[in-house]
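Okay, structure first, notes after.
The values are calculated or read from the model by the stated rules, or taken from the named source; none is laboratory data. Bear in mind the structure is a predicted one, so any value in this text is a computation, not a measurement. As a convention, Cβ positions derive from the backbone with ideal geometry for all residues, glycine included, and neighbour counts pool all protein chains shown. Accessible surface is based on the protein model in full, side chains and every heavy atom, while ligands, DNA and RNA are left aside. Shrake-Rupley method; radii C 1.70, N 1.55, O 1.52, S 1.80 Å.
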Amino acid sequence: MKNKRIYKKVIGLALAALTFTACSDTWDDHYEGMSDGVMEGSLWQAIEKDGNLSNFASVLKACGFDKSLASSQVFTVFAPTNDNFTAEEAAALIANYNAEKNLVDEEDNTIIKEFVKNHIAMYNHSVAPGVVDSLLLMNGKRVLFSQNDIAGTKIITDRSNKHYENGMLFVVDKQIDYLPNIFEYLRKDPELDSLRSFLYNSHFYRKEFEPSLSVAGGIEQGKTVYLDSVFSQVNELFGRGFLNARLTDEDSTYWMLAPTNEEWRDLLETYEPYFNYHPTTVDRDSFAYTFPRLAIMQGTIFSETLNPARALGDSAKSTLAVNGDYRESYWGLPFLRYYQYGTGGNRSEQKPLEVGGVLNGIDDPSDPKNVECTNGIVRKVNRWKINPLNTFKQAIVIPGTSRSAIQEMSKDQNASTKQLEEIVTLTAMDIPPTSPYYNKIWGNRFMQFKPQKAVNVFYRINITDVLSNMGYDVYLVTAPILAADSNATAIQRLPVKFKAHMCYLNEAGKKDSTELVTKQPVNTDIFDYILLAEDYKFPFCTYSLYESTPQVSLRIETDVTVTEYRRNTHTRVMNIAYVLLIPHGASWTDDDYFYFEPHGDGETIRMSKCKELLILDEQ
């Protein structure tokens, strides 16, 4: 499968930056004088015998963390007092823990993750006056930590910074608030159930054990037994080519557009027909499920790194947009830009933050549609503003110089060997810098198809990644021989005529075809953009399929009569630069058009700006 397929990449919680102390100084630099020395007993013993921590202790014991805090493993604990953490609140947490206990894995239990591990960090962490640093809690949350507070929760100074045999104890005046990251929040909001169902699908989402971050309890029968196990969340959809955003990463900042359930259903109903795979396609059901949903979500996540505040007013790049020098290597062609909006994209659209823009309202903290998470903002959307022509409805460009794109060519029987042999010669033609045609097509190269015999010949060009039930304008771009050879003779410059058929699999799985043009003339002295079909729709989708023989191909056959050939009025040689499939009906402004030489009835052909990759020097 191509890079659009589901890769097996391990995505963790970005815990590699875990530090053993919370502040920039070392332990010895500032520990002395802030503690009364190492106090007798374990953390659990200290918590258990403190009457004002009894409610917190009851939750720890009910959840089995009394054993962990009595072990030799080192922790830092932030214990809320009974003053603002009541017995009733503790009892409710214990009841919720027990209700989930036999239904979910221990690490997924809400009370363990959002309460217990939200008040504990691994290893010793001291605090020094005037120092504000980050601290990684056991649930993966990174919070700010100072002498006076932890994640905005007040530390009771005179009862804190106590060093026990297996760690540090701080007393706080109330529970530490738990803030979900974006991925966690999507699981909680009932308005986003449809999106949650997709991203948490077990086909993409799993957990992986992290032994280095887990609490070892000893060795039994030669194997390590863990008192507490830490798991990272892995989602293959977060990888490059899918969403390209690690929504569990606490050290990143994202803005995410999340369609509400009703909007999700409407979008899915619209997009699913574009991903109608042929019944014989392997993994058809998986593709038909995955790709319409990806089509909704790709281009909806924005990284703060890619979008500095000074630039966001004009354009916004989603995590699938590629900057600068990487654009060509990522998309294969320069200037073919998708997944970015406003003045920086290949569409003239509303500026992102303005009314009608894709991010309109996301900068308003008072807007109830914006939900703050630890690693960014989720904006719940019930009216979609993303144009699919700027995301998954993309142009398909097949360079004529790609030998692998040729599926089949004319053959004839060799008189001596009796074997069928190709009777077409392929020659890659380079356009030199001295040519007036230089830089008129991307790559400055085209392919010459030349018959080895005095007959009409055909060649079938593979077409991949088409969407079903979506109109394409299909173009054949031919090149003048003069572009590569300024001394080309009049015979070499003769016009050619051809016919074209679109080939595909029909419902029954048989090869079928549609005639597009016949006796089509080509102007061989210009780059001729020939419209083969307008608003052409394929019955089946081939998006992301790896096929040894693609279902879809374009058959080009010279259509020159014997008389025309013998009288030297026409040639059977063709010079092909590209086959283009452009989504039909795109809305462009005049500034987004390039104008080409007249063709056919003499009217100027208007091509979208994405053809900038083909015509770099407008004439």
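Restricted to region 165-219, and to residues that are among the basic types (K, R) and over 19 Å from the mean Cα position of the chain (by Cα), which residue is farthest from S232 (Cα to Cα)?
The selected residue is K174.
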Seminar exercise, completed: Here the residues within region 539-562 that are of a type in the set (A, V, I, L, M) and surrounded by fewer than 18 Cβ atoms within 10 Å (Cβ to Cβ) are V562
For this session: Quick one: which residue in Y536, Y565 is surrounded by 13 or more Cβ atoms within 10 Å (Cβ to Cβ) and more than 36 Å from the chain's Cα centre (by Cα)?
Result: Y565
Exercise. When K49 is evaluated against the numbered criteria (1) at pLDDT 90 or above; (2) open to solvent by less than 40 Å² (accessible area, probe 1.4 Å), which criterion, by number, is the only one it fails?
Worked result: (2)
For this session: Looking only at region 367-382, count how many residues are farther than 22 Å from R293 by Cα, open to solvent by 20 Å² or more (accessible area, probe 1.4 Å), modelled with pLDDT of 90 or more and in a loop (DSSP other than H, G, I, E, B).
Result: 2
Exercise. Regarding V143, is this residue part of a helix (DSSP H, G or I), under 14 Å from I176 (Cα atoms) and touching a residue at least 24 places away in the same chain (Cβ under 8 Å)?
Worked result: no
For this session: Could you tell me whether K385 is surrounded by 17 or more Cβ atoms within 10 Å (Cβ to Cβ), under 30 Å from G585 (Cα atoms) and among the charged types (D, E, K, R)?
Result: no
Exercise. Filter region 365-400 for residues that are among the hydroxyl-bearing types (S, T, Y) and in contact (Cβ under 8 Å) with a residue 60 or more places away in the chain; which is nearest to L135 (Cα to Cα)?
Worked result: T374
For this session: Report yes if some residue within region 484-503 is touching a Cys at 6+ places or on another chain (Cβ under 9 Å) and open to solvent by 30 Å² or more (accessible area, probe 1.4 Å); otherwise report no.
Result: no
For this session: Go through region 148-164 residue by residue and tally those that are in a loop (DSSP other than H, G, I, E, B), open to solvent by less than 60 Å² (accessible area, probe 1.4 Å) and not hydrophobic (A, V, I, L, M, F, W, C).
Result: 2
For this session: Would you check if there is a residue in region 284-291 being crowded, with 21+ Cβ neighbours inside 10 Å, touching a Pro at 6+ places or on another chain (Cβ under 8 Å) and not basic (K, R)?
Result: no
For this session: Please go through region 465-488 and pick out each residue that is outside any strand (DSSP E or B), of a type in the set (G, A, S) and touching a Ser or Thr at 6+ places or on another chain (Cβ under 9 Å).
Result: A479, A483, A484, S486
Exercise. So which of V131, V104 is over 25 Å from A216 (Cα atoms), among the aliphatic types (A, V, I, L, M) and surrounded by fewer than 19 Cβ atoms within 10 Å (Cβ to Cβ)?
Worked result: V131
Exercise. For K113, which of the numbered conditions (1) assigned to a helix (DSSP H, G or I); (2) modelled with pLDDT under 90; (3) under 33 Å from the mean Cα position of the chain (by Cα) fails to hold?
Worked result: (2)
Exercise. When you scan region 167-187, how many residues do you find that are assigned to a helix (DSSP H, G or I) and over 15 Å from N375 (Cβ atoms)?
Worked result: 0
Seminar exercise, completed: Counted residues in region 484-511 being within 30 Å of T280 (Cα to Cα) and in contact with a strand residue (DSSP E or B) (Cβ under 6 Å, 6 or more places away or on another chain) come to 7
Seminar exercise, completed: Of the conditions (1) without any contact (Cβ under 8 Å) to a residue 40 or more places away in the chain; (2) more than 17 Å from E408 (Cα to Cα), the single one that D525 does not satisfy is (1)
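Regarding region 63-74, can at least one residue be identified that is of a type in the set (S, T, N, Q) and at pLDDT 95 or above? Working first, answer last.
Start the filter on region 63-74 by keeping residues that are of a type in the set (S, T, N, Q), which leaves 68, 71-73.
If we keep only those that are at pLDDT 95 or above too, we end up with none.
Scanning region 63-74 turns up no residue that is of a type in the set (S, T, N, Q) and at pLDDT 95 or above.
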